[in-house]
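Engineer: This is the structure, below, for whatever I ask next.
The values are calculated or read from the model by the stated rules, or taken from the named source; none is laboratory data. None of the values given here were measured: they were computed from a predicted structure. Neighbour counts run over all protein chains shown; Cβ positions are idealised from the backbone, glycine included. Please note that ligands, DNA and RNA were not included when accessible areas were found on the heavy atoms of the full protein model with its side chains. Shrake-Rupley method; radii C 1.70, N 1.55, O 1.52, S 1.80 Å.
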Amino acid sequence: MQSQNEERICELCKRKVPVTTVHHLTPREEGGTDMPTAHLCIPCHKQIHYLFTNVELVVLGLTTIKSLLLEPTIASYVKWIRKQPAATIPKSRKSRHVREARR
Ligand SMILES: [Zn+2]
Ligand SMILES: [Zn+2]
């Protein structure tokens, strides 16, 4: 399914990343099975689904990369993720807190 040996480019943040995942721009649950997909890095893909439900993506018209990039919350996220190293999957605050508590 996915090759780990070549670099992929995330269509949202445009970073070169080791792995991309397939995002249905129109969610399958909303009839998007045969609709366009985008290849996204794991943090971007998580972020989209963390911010919006499948119904919201359709209702808000966030069914193209262009419209996702114009959405203010996504836009500020993309600005931030572009500065992050490609191999790093951002950790949650909780895990950092747990790590520090172990010292
Ligand atoms: Zn990305
Ligand atoms: Zn998705």
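Engineer: In the range 1-58, which residues are more than 14 Å from ligand 1 (Cβ to nearest atom) and basic (Lys, Arg)?
Structural biologist: 28
Engineer: Let me ask something else about it. Can you name every residue in the range 22-34 that is open to solvent by 90 Å² or more (accessible area, probe 1.4 Å) and not in a helix (DSSP H, G or I)? Spell out the reasoning first.
Structural biologist: Narrowing the range 22-34 to residues open to solvent by 90 Å² or more (accessible area, probe 1.4 Å): 28-29, 34.
Result: 34, single match.
Engineer: Hey, another quick one. Counting just the residues of the range 37-57 that are free of Cβ contacts under 8 Å to residues at least 12 places away in the same chain and surrounded by fewer than 19 Cβ atoms within 10 Å (Cβ to Cβ), which one comes out farthest from residue 86 (Cα to Cα)?
Structural biologist: Step by step, filter the range 37-57, then rank; the result is 56.
Engineer: Residues of the range 9-21 being open to solvent by less than 10 Å² (accessible area, probe 1.4 Å) and free of Cβ contacts under 8 Å to residues at least 24 places away in the same chain, which ones?
Structural biologist: Once the filter is applied, which keeps residues that are open to solvent by less than 10 Å² (accessible area, probe 1.4 Å) and free of Cβ contacts under 8 Å to residues at least 24 places away in the same chain, the range 9-21 yields only 20.
Engineer: Being within 12 Å of ligand 2 (Cβ to nearest atom), of a type outside the set (D, E, K, R) and either outside any strand (DSSP E or B) or touching a Ser or Thr at 6+ places or on another chain (Cβ under 9 Å) (or both) is the requirement here; does residue 38 meet it?
Structural biologist: yes
Engineer: Any idea which of (1) within 13 Å of ligand 2 (Cβ to nearest atom); (2) touching a helix residue (DSSP H, G or I) at 6+ places or on another chain (Cβ under 9 Å) is the one residue 45 doesn't satisfy?
Structural biologist: Exception for residue 45: condition (2).
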